[in-house]
Amino acid sequence: MTLIIPSSHLQPLSAAQAMVPTRLVLARTCTVFDSVLKWAPSTCAVLKPSQLLPLQASCRLLSVGIVDHAKHREPSGKKLLSEKKLKRHFVDHRRVLFRGGSGGSGMSCFHSEPRKEFGGPDGGDGGNGGHIILRVDQQVKSLSSVLSQYQGFSGEDGGSKNCFGRGGATLYIQVPVGTLVKEGDEIVADLSHLGDEYVAALGGAGGKGNRFFLANDNRAPVTCTPGQPGQERVLYLELKTMAHAGMVGFPNAGKSSLLRAISNAKPAVASYPFTTLNPHVGIVHYEGHQQVAVADIPGIIRGAHQNKGLGLSFLRHIERCRFFLYVVDLSLPEPWTQVDDLKYELEKYEEGLSERSHVIIANKIDLPQARAHLLQLQDRLGQEVIALSALTGENLEQLLLHLKVLHDAHIEAELEQGRQPLRW
């Protein structure tokens, strides 16, 4: 294959053109070839394909370089994680190794001054090691930010002229409200209120300088002691979600859809069971700046108290809820059995848990078969049932009013017992 190019275009380069950089010459050559391919006069010269390939490769290298340069100039910003990916990082239990800071060593030295031969010992003590303290922070919602081990800050060594070493700074670790601290099988702390703190590891004591050992029978002590190592402990942190109301129900009962309907929370919603694998908390706002926290607990199955279907991992988030919202799928036959099974699982997990204040919510009233099951459910249970549809928003006002009544009753009971009610 040959390429026909006019001979008038094959001119030698002048001295000025020879000084032009190679990339510009190649770019100009590519432009000439593009125009020549569209037009071929009678006076021509012949180029073989072997002579054309190097030029094509040079043009390709130039185009790649331009693209790379354009990509390099684009502003590089960190891509934000989607809400779905952020929820994957929810952690409700941790095993953490805590090591307190080591104390600084004492100094052994003597005072030196002109015309003062026996100045005496003046070695200072070492600083104490820093403690590690767990502190409740309301802005933290998960244990995902807690590392697997922590090392406290060590104290500085003592100095001359009776200078003491500086103590290590205290290391504070932020944990969410409702964090349970265990050492082995023993519960050592329950951080369930805002501002609660617990010392996870103590810092080591600083060593003593030789000034400390000065006595009447020893006027020139040279003894000094090293700093003590910090306390080392292995603690287990467990998070139990703190909320006013906890939505309890079987998988695919519509709990996440209901939470999206009454709050600004955005849990994942799909038409298959176990869509929710981690608890989500939504805030319902009322007049007077009152806020009610509603927790969407993952679906519970029969045998959950025996840890079937990760039942124990889900049930522990229900313990801290003040009252319950039993969400029943009204489209299924015999919906009253769902309430009985849910109460049975709660009672088997912790005695007295099923006796807390609650309201029964019959969801999916928008489906045709649900209307027929509603009367049967009310007759079987013998109590008020709130029938609604989380999808269409039907009868949500009745749920919000009843939720406010349960919250006010809880606040009044807490104040009568002299306890501070949970606030969000």
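The values are calculated or read from the model by the stated rules, or taken from the named source; none is laboratory data. Model, not experiment: these values are computed from the prediction. Don't worry about glycine lacking a Cβ; one is built from the backbone with ideal geometry, like all the others, and counts go over all protein chains shown. Just the protein is used for accessible areas: all its heavy atoms, side chains included, with ligands, DNA and RNA removed. Shrake-Rupley method; radii C 1.70, N 1.55, O 1.52, S 1.80 Å.
So for segment 126-213: antiparallel DSSP bridges make up what percent, rounded to the nearest 5?
Numbers: 9 of 14 bridges.
Rounded to the nearest five, the antiparallel share is 65 percent.
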Accessible area of ASP379 in the full protein assembly, 1.4 Å probe (Å², nearest 10):
130 Å²
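Once the other residues with Cβ under 15 Å from the Cβ of PHE213 are scored (Lys, Arg +1; Asp, Glu -1), what is the net sum?
Result for the neighbourhood of PHE213: 0.
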How far apart, in nm, are the 7 Å Cα→Cβ label points at GLU232 and GLU355?
4.7 nm
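Within 14 Å, Cβ to Cβ, of ALA409, how many net charges do the neighbouring residues add up to if Lys/Arg are +1 and Asp/Glu are -1? Provide the component values of the computation, followed by the final result.
On the way: positive: ARG322, ARG356, LYS404; negative: ASP408, GLU412, GLU414, GLU416.
Around ALA409, the charge tally is -1.
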Segment 179-264, accessible area per residue, ligands and nucleic acids excluded (1.4 Å, Å²)
46 Å²
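Report the FRET efficiency, 1/(1 + (r/R0)^6), for LEU277 and ARG371, where r is their Cβ-Cβ distance and R0 is 35 Å, rounded to 0.05. Can you show the working numbers first?
Working: r = 32 Å, r/R0 = 0.92.
About 0.60, to the nearest 0.05.
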Determine how large the accessible area of TYR172 is when every protein chain is in place; take a 1.4 Å probe and give Å² rounded to the nearest 10.
100 Å²
With x for Gly and Pro, the residue-by-residue ³J(HN,Hα) of segment 226-238, computed from phi through the Karplus equation 6.51 cos²θ - 1.76 cosθ + 1.60 at θ = phi - 60° and given in whole Hz, is x, x, 7, x, x, 5, 10, 9, 10, 10, 10, 9, 10
Links that overshoot a 32 Å alpha carbon limit, given the list LYS182/LYS208; LYS182/LYS348; LYS141/LYS208:
LYS182/LYS208; LYS141/LYS208
With every protein chain in place, segment 323-424: carbon and sulfur % of accessible area (1.4 Å)
50 percent
Once the other residues with Cβ under 15 Å from the Cβ of VAL222 are scored (Lys, Arg +1; Asp, Glu -1), what is the net sum?
+1
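Could you calculate the contour length gain from ILE187 to VAL91, that is, 0.36 nm times the residue separation minus the distance between their Cα atoms, to one decimal place in nm? Let's see the in-between values first.
Details: separation 96, 0.36 × 96 = 34.56 nm, distance 1.93 nm.
Additional length available on full extension: 32.6 nm.
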Virtual spin-label span in nm between ARG419 and ASN216, 7 Å along Cα→Cβ:
6.1 nm
Sorted by accessible area with a 1.4 angstrom probe, largest first, how do PHE118, PHE98, PHE213, PHE250 fall?
PHE118, PHE213, PHE250, PHE98
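Once R0 is set to 30 Å, what does the formula 1/(1 + (r/R0)^6) return for the Cβ-Cβ distance between LYS266 and GLU287, expressed as a FRET efficiency to the nearest 0.05? Before the final figure, lay out the partial values.
Details: r = 24 Å, r/R0 = 0.81.
Efficiency, from the Cβ-Cβ distance: 0.80.
Provide the gained length on full extension for the span LEU396 to VAL199, in nm with one decimal, where the gain is 0.36 nm per separating residue minus the Cα-Cα distance. Show your work: numbers first, answer last.
Working: separation 197, 0.36 × 197 = 70.92 nm, distance 4.53 nm.
Once the chain is fully extended between LEU396 and VAL199, it gains 66.4 nm.
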Kindly state, to the nearest 0.05, the FRET efficiency for GLN149 paired with VAL405, given R0 = 56 Å and r defined as their beta-carbon distance.
0.75
